Amino acid sequence: MGKMRNRGTVTITTNDQTTLQVRLARLNGQVQALSRMVAKGDDWKKMLTLAAAIEGAADQVSADLFRGYLESLMIDEATSAKAREGLELVLKRR
């Protein structure tokens, strides 16, 4: 995730925006698919598998946003690296 200054604030780059939009569109599609499966009374195992995929996708969006936030803090590289490492450990707990 990169950063770009805009009127005194730090915003995400166009490339990061595109990446997040793609992830969110995929996540939205998964949620809609799960909703259809629930409505038609689909197999529990299939629905649980899709729900787990949705959870993982949402975690990835949050991680991408948090990485971008860390980069926007203007902290030194060593501190930033430690914070990213902590984020990765939190995400692996699942």
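Relative contact order of the chain: what whole-number percent is it, with Cα pairs under 8 angstrom and at least 6 residues apart?
Numbers: 51 pairs, mean separation 29.2, N = 94.
Relative contact order of the chain: 31 percent.
Hey, for a label at Ser80 modelled as a point 7 Å past Cα toward Cβ, could you say which residues of region 52-69 have their backbone N under 11 Å away?
What the label zone holds, given the 11 Å backbone N cut-off, is 68-69.
What nm value, rounded to one decimal, do you get for the distance between Ala58 and Lys92 when each label is placed 7 Å out toward the C-beta?
2.4 nm
Helix 44-72: angle to the longest alpha-carbon principal axis of the chain, degrees 0 to 90, nearest 10?
Taking the Cα atoms of the chain, the angle to 44-72 is about 10 degrees.
When we measure straight from the Cα of Lys45, which aspartates and glutamates land under 18 angstrom away, once same-chain ones fewer than 8 places off are left out?
Answer for Lys45, where 18 Å is the Cα cut-off: Glu55, listed by chain and number.
Picking from Leu89, Leu73, Leu48, whose Cα lies most toward the positive end of the charge dipole for region 48-94 (charges on Cβ: Lys, Arg +1; Asp, Glu -1)?
It is Leu48.
Any idea what Rg and Dmax come out to for the chain if you just take the C-alpha atoms, in Å?
Looking at the chain, its Cα Rg and Dmax stand at 16.8, 52 Å.
Quick note: the coordinates plus some simple rules give every number you see, no bench work behind them. Remember, predicted model here, so these are calculated numbers, not experimental data. Because the Cβ atoms are built from the backbone with ideal geometry, glycine has one as well, and the counts that use them run over all protein chains shown.
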